[in-house]
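Student: What follows is a single structure, and I will ask about it in a moment.
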Amino acid sequence: MHKTVITHGKAWFDFGLKELYRYRELLWILTWRDLKVRYAQTIVGVLWAIINPLFTLVVLTFVFKTVADVDTGGYPHLLFTLSGMAAWTYFSSVVAGAGGSIISSQQMVSKVYFPRLLLPLSKAVGALVDLAVVLVILTIMLFWYGFAPSSTLIYLPAFIFLAILAGVGVGLWISAMSIRFRDFMYVTPLLLRLGMFITPIAYPVSSVGEKWETLMYLNPMTGIIEGMRWSILGIHPPTEGLTLSIIVVAVVFISGLIVFNRIERKIADII
Amino acid sequence: MSKAIEIENLSKKFQLGAIGTQNLRHWLQGLMSKDPRSKEEFWALQDISFDVAPGEVIGLIGRNGAGKSTLLKIISRISEPTSGKITLNGRVSSLLEVGTGFHPELTGRENIFLNGSILGMTRKEIKSKFDEIVDFSGVEKFIDTPVKRYSSGMYVRLAFSVAAHLEPEILLVDEVLAVGDHEFQKKCLGKMGDISTSGRTIIFVSHNMGAVAELCSRAILFEQGKLITDGTVDDTIGKYIQGSTGPDQGAFEPSPNEHAWFTKMELKRQDDLVHTLDLNHDFSLELTFEVRTPTDDLDVAVILMKGTQRVFFSIHKDQLETHFFAQGTHSFRMTLPSMYLTGGNYHFDIYLRRPSDGSHYDAQPQRIQFTVDELSLNTHHKGYAQKRGGLTIFPGEWKKVNE
């Protein structure tokens, strides 16, 4: 028989993984709900989801093509930028979604028990659908321009996995902090806008000069985006800077889990 | 046999002031100022211990803020205890509200799956119960319509139906029964009755004494975070009703005059002041008055009113032979039997009356307001249907005359 013991507090590294597994169906259902609600309204709703990043894509491509002619490894600027934007769009939508996931489900959280971690996780899973759409568009454009996919494509899942960890990690931090301090809800968009400029989306990291490269890699998305571009286009193979990015991802993810875990059982009392 | 629920020395403290979301500025200010206010504490539960055997149906009663709901939240793991321990043997589902997670854009069908899994059902379970759920809710025709187009009645019916088909070993229910129209409420109570006899362990929080009496085999009374009574439903409910003395019970400004006037009026059950009555007990009205001028021209008259309707008129001479009143204090008691008044709000109009011309020495209209909770009797009088109408419950004397 299922046995539960309830006491005050829990261990720092007790993330309740068994419980999480038991509730796995709810993860899919929450994800499905988000997607369904987003696309239920109208066909225009879907279009807007594409138009927004498309606009950014066009602006970024234009700026970095005409104003600062960066080295795209022989690929058209549009392709180069899109391959960088795929991971960034995913990351920023996970951070925003996961960061606000607890607060936007206040009602549910204060009335029913389930592992709270499912809420931010469902945002990470849901955003994968958008990522898939972008990757399909990217593939079509690749063929349109007459390129074959790079043989390094097999590394792509690894970088997507890193992007998930990075997005969830930052998202957990933000949602944990914004439960206590609503200020963090306003910090998120700011952080993401700043991040967009210090992340090599439309330019290769090598173009900033060696002096700054290490600093750039402290931003975990730098390694991930460079890596993804390398897997898709086969240009700019990762340097040792990638290791730094991976370490940062790991630190952010694990610390995010711990911080979230510490506050998880107090959510209903605070919110 | 092992326990289904074991609660040991459970306490829950809330930090007043520091509780809730703050913005950073307040938090920083709090750190700087060492304001003692931010350390104010409030014990929502203090040292609660009790066990629940498998299959037992327990009612938690008490006034608002007594800690019932907090306890339920801790057992359902929504909120964390400050100290103490709970051991649960079995799968737990909690129903603190109906329709948790319902999304207006989704159809009834989709919401059944969403709500069901939030409440802890597996997809397979929901699928196998789906038809039953839809059937019970009575919204078949609209099952593929987004619930934002539902009437609030339909919405609540569907929500309750999902909840009613949960099958955990331990079920925690917080006053969600009172949903929908009267018809559906009856259906809900019936369903809860079925569930309570199905061998599941249930903790049920309610203000509805009738529902508690009907569904539970044991009841626990809470008061200000402490466990007051743990025993049979009758005892606990009795204690609760005793405790609920109205603040203005019998309070009025006596109006002395040269003849006679009331000094005290009280509604009592046995020796306790009450303002809520259940149907299982007699109750009495105690009137004390002062006579200054001795007289034999005096009636103590009582009119029982239900809202604006007169239930009866009675004077002390109906039963007593007292005609002459000497100077001094007099006390009368009028007792009313159990199973007499239907549920609702009542009051008394009370008079010291001069029968010779019908004028009053003292008139006290709208005194002793009280409530009769007719729901509290169903266990004892199965034949009595709620809300049957009429001013009194008058069983009459029924006999079969022909063969």
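The values are calculated or read from the model by the stated rules, or taken from the named source; none is laboratory data. Predicted model, so just to flag it, every value in this text is computed and none were measured. Cβ: placed from backbone, ideal geometry, glycine included. Neighbour counts: every protein chain shown. The area values use the complete protein model at the heavy-atom level, side chains included, leaving out ligands, DNA and RNA. Shrake-Rupley method; radii C 1.70, N 1.55, O 1.52, S 1.80 Å.
Student: Between B:S94, B:S128, B:S117, which is in contact (Cβ under 8 Å) with a residue 60 or more places away in the chain, polar (S, T, N, Q) and closer than 26 Å to A:R24 by Cα?
Tutor: Details: B:S128 fails: in contact (Cβ under 8 Å) with a residue 60 or more places away in the chain; B:S117 fails: in contact (Cβ under 8 Å) with a residue 60 or more places away in the chain.
The conditions single out B:S94.
Student: Name the single residue that is modelled with the lowest pLDDT among those in region B:203-216 being among the aliphatic types (A, V, I, L, M) and touching a helix residue (DSSP H, G or I) at 6+ places or on another chain (Cβ under 6 Å). Please lay out each step first, then the result.
Tutor: First pass over region B:203-216, keeping only residues among the aliphatic types (A, V, I, L, M): B:203, B:205, B:209, B:211-213, B:215.
Still in the running and touching a helix residue (DSSP H, G or I) at 6+ places or on another chain (Cβ under 6 Å): B:205, B:209, B:213, B:215.
On the way: B:V205: 88, B:M209: 71, B:A213: 81, B:L215: 83.
Once the filter is applied, the top-ranked residue is B:M209.
Student: So, one more: Take region A:221-234 and flag every residue that is farther than 13 Å from A:M85 by Cα and in contact with a Phe, Trp or Tyr (Cβ under 7 Å, 6 or more places away or on another chain). So that I can check it myself, show each step before the final result.
Tutor: At the first step, the residues of region A:221-234 found to be farther than 13 Å from A:M85 by Cα are A:223, A:230-231, A:233-234.
A:G223, A:S231, A:L233, listed by residue number.
Student: Residue under question is B:P54, and the condition is that it be touching a residue at least 24 places away in the same chain (Cβ under 8 Å) and touching a His at 6+ places or on another chain (Cβ under 7 Å); does it hold? Can you show your working first?
Tutor: Numbers: touching a residue at least 24 places away in the same chain (Cβ under 8 Å): yes; touching a His at 6+ places or on another chain (Cβ under 7 Å): no.
Criteria not met by B:P54.
Student: What about B:E321, is it open to solvent by 70 Å² or more (accessible area, probe 1.4 Å) and either at pLDDT below 90 or within 22 Å of B:T392 (Cβ to Cβ) (or both)?
Tutor: So B:E321 passes the test.
Student: Looking only at region A:138-148, count how many residues are under 23 Å from A:I50 (Cα atoms) and either open to solvent by less than 60 Å² (accessible area, probe 1.4 Å) or without any contact (Cβ under 8 Å) to a residue 60 or more places away in the chain (or both). If you could, list the steps in order and put the result at the bottom.
Tutor: Just the residues of region A:138-148 that are under 23 Å from A:I50 (Cα atoms), to begin with: A:138-145.
With the extra rule that they be either open to solvent by less than 60 Å² (accessible area, probe 1.4 Å) or without any contact (Cβ under 8 Å) to a residue 60 or more places away in the chain (or both), the set shrinks to A:138-144.
Residues that pass the stated criteria total 7.
Student: Which ones in region B:370-402 are in a loop (DSSP other than H, G, I, E, B), of a type in the set (S, T, N, Q) and either exposed (fewer than 10 other Cβ atoms within 10 Å of the Cβ) or at pLDDT 55 or above (or both)?
Tutor: B:Q386, B:N402
Student: Within region B:167-202, how many residues are crowded, with 20+ Cβ neighbours inside 10 Å and at pLDDT 85 or above?
Tutor: 7
Student: If a residue counts only when it is β-branched (V, I, T) and open to solvent by less than 40 Å² (accessible area, probe 1.4 Å), which strands (runs of 3 or more DSSP E) contained entirely in region B:253-306 have at least 1 such residues? Full working, then the answer.
Tutor: Values: elements: B:260-269, B:276-278, B:283-291, B:299-306.
Of the strands (runs of 3 or more DSSP E) lying wholly inside region B:253-306, those with at least 1 residues that are β-branched (V, I, T) and open to solvent by less than 40 Å² (accessible area, probe 1.4 Å) span B:276-278, B:283-291, B:299-306.
Student: A further question on this structure: Give region B:83-121 a look and list any residue that's closer than 30 Å to B:P54 by Cα, within 7 Å of chain A (Cβ to nearest Cβ) and assigned to a loop (DSSP other than H, G, I, E, B), or say none.
Tutor: B:G90, B:R91, B:L96, B:E97, B:T100, B:G101, B:L119, listed by residue number.
Student: Next question. Within region A:180-194, can you find the residues that are touching a helix residue (DSSP H, G or I) at 6+ places or on another chain (Cβ under 7 Å) and at pLDDT 85 or above?
Tutor: Matches in region A:180-194: A:T188, A:L192.
Student: Then there is this: From the list A:L257, A:L244, which one is assigned to a helix (DSSP H, G or I), aliphatic (A, V, I, L, M) and open to solvent by 30 Å² or more (accessible area, probe 1.4 Å)? Working first, answer last.
Tutor: Working: A:L257 fails: open to solvent by 30 Å² or more (accessible area, probe 1.4 Å).
Checking each option against the conditions leaves just A:L244.
Student: Hey, A:F197 hits all of (1) hydrophobic (A, V, I, L, M, F, W, C); (2) away from chain B (no Cβ under 14 Å); (3) touching a residue at least 12 places away in the same chain (Cβ under 8 Å); (4) open to solvent by 20 Å² or more (accessible area, probe 1.4 Å) but one; which does it fall short on?
Tutor: All conditions pass for A:F197, except number (3).
Student: Moving on. Of all residues in region B:122-148, how many are more than 14 Å from chain A (Cβ to nearest Cβ) and not hydroxyl-bearing (S, T, Y)?
Tutor: Here the count works out to 14.
Student: When B:K68 is evaluated against the numbered criteria (1) under 20 Å from B:S94 (Cβ atoms); (2) modelled with pLDDT under 70; (3) basic (K, R), which criterion, by number, is the only one it fails?
Tutor: (2)
Student: Oh, and also: Would you tally the residues in region A:204-224 being open to solvent by less than 30 Å² (accessible area, probe 1.4 Å) and among the hydroxyl-bearing types (S, T, Y)?
Tutor: 2
Student: Tally the residues that are closer than 30 Å to A:V133 by Cα and either facing another protein chain (nearest Cβ under 8 Å) or surrounded by fewer than 16 Cβ atoms within 10 Å (Cβ to Cβ) (or both), restricting the search to region A:2-21.
Tutor: Final tally of qualifying residues: 1.
Student: State the number of residues belonging to region B:282-298 that are of a type in the set (S, T, N, Q) and within 11 Å of B:Q270 (Cα to Cα).
Tutor: 1
Student: Here is a further query. Can you give me the number of residues within region A:198-241 that are outside any helix (DSSP H, G or I), modelled with pLDDT of 90 or more and either of a type in the set (A, V, I, L, M) or over 18 Å from the mean Cα position of the chain (by Cα) (or both)?
Tutor: Going through region A:198-241 one residue at a time, the tally reaches 1.
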